[in-house]
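Single-structure report; data block below.
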Amino acid sequence: IVAAHGASLLAAEAAVRGGDGAAALNAARPALRRLRSLVRSCRDAWPVERAERALQCLAELGRTCGSCRDHDVMLELVGDGLAHLPSALRPGGDAALQQLREQRDAATATLQRQLRTAEHLQQLDALFADLDAIGHDGAAANTPLAAALPHHFAPAIARVRKLVEKLPAELPLLAVHELRLAVKRLRYLAEEFAELPGHDYWRSLAALTTLQQALGGVCDAEAAAERLAHPAPTGGDAAQAAVFGALAMWQHHRAGRARNAAGKALAKVDRKKVWRRFPAADADAPS
């Protein structure tokens, strides 16, 4: 599994470095997230120092790619939102889009220069040296997966359930964001091992995926409203400022609808049967 995600990361990173742009970047970021989730959840499969270094490197690479992704997000927000604005505001929106494209192109060029440096290539080499140091002997390596996996699921499940229980009814953004990350990490772990014989948790995994997407709708709309209300300087005029303000209000309304959807998804996940389907840490391994 590590090798498969590593290969996806290398291919996508090389494509970004070579100038393929947003599509390649969108492929690199999920590979980074899945590798981080796997190493974090199963870190006892590596020597301690190797696991810590790999997690730190993956986090740094994620931040490097994330800064460029923010510009793509703003372009999508403004582009999609223009259809919801009065026609009088659209000329200002077209000018804002042009400014945002220029900012995105400059950020992409900066990212590509970073990825072409000797320091970055050495960082990649060190990362994969650490990932390749996964243990092939010792207690962890010799424990059957069906027996070992429940102990990796248990902390991730416990964290999600705890955050669900203490989540305020009004779904404040910081609490929603924290729960979203916890659900995403559990989902990534569960997807890697969903074919494990003796465990059938596809329906619970589907409920988690729905919850993550619903929570993501809240986070995305709130973040979009904040970005649009305080955009990076574009050198634009009052017409562009009016466009950003109107789009920020539109995203605030979207956040309200997203909270309603998130509340329904939470109700479906907060049931004992959802958690019973996952591997239990106190259960005997299937023979």
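The values are calculated or read from the model by the stated rules, or taken from the named source; none is laboratory data. Predicted, not measured: the structure shown is a model, and the values here were computed from it. Here Cβ is always computed from backbone atoms with ideal geometry, including for glycine, and neighbour counts include all displayed protein chains. Note: accessible area is taken over every heavy atom of the protein model, side chains too, but ligands, DNA and RNA are not part of it. Shrake-Rupley method; radii C 1.70, N 1.55, O 1.52, S 1.80 Å.
Would you be able to say whether some residue in the range 146-153 is outside any helix (DSSP H, G or I) and over 14 Å from ALA265 (Cα atoms)?
no
Against the definition (part of a helix (DSSP H, G or I), exposed (fewer than 15 other Cβ atoms within 10 Å of the Cβ) and within 17 Å of the chain's Cα centre (by Cα)), how does GLY66 come out, yes or no?
Answer is yes for this residue.
Kindly evaluate ALA255 against the criterion of being among the hydrophobic types (A, V, I, L, M, F, W, C), open to solvent by less than 20 Å² (accessible area, probe 1.4 Å) and part of a helix (DSSP H, G or I).
Yes: the conditions hold for ALA255.
Suppose the filter is open to solvent by 60 Å² or more (accessible area, probe 1.4 Å) and over 30 Å from ALA238 (Cα atoms); does ARG29 pass it?
Yes.
Would you pick out the residues in the range 187-203 that are open to solvent by less than 80 Å² (accessible area, probe 1.4 Å) and in contact (Cβ under 8 Å) with a residue 24 or more places away in the chain?
ARG187, TYR188, LEU189, ALA190, GLU192, PHE193, LEU196, GLY198, HIS199, TYR201
Among the residues of the range 93-133, which ones are among the acidic types (Asp, Glu) and either open to solvent by 30 Å² or more (accessible area, probe 1.4 Å) or over 26 Å from TRP46 (Cβ atoms) (or both)?
ASP94, GLU102, ASP105, GLU119, ASP125, ASP132
For the range 171-186, name all the residues that are in a loop (DSSP other than H, G, I, E, B) and without any contact (Cβ under 8 Å) to a residue 24 or more places away in the chain.
Selection gives PRO172 alone.
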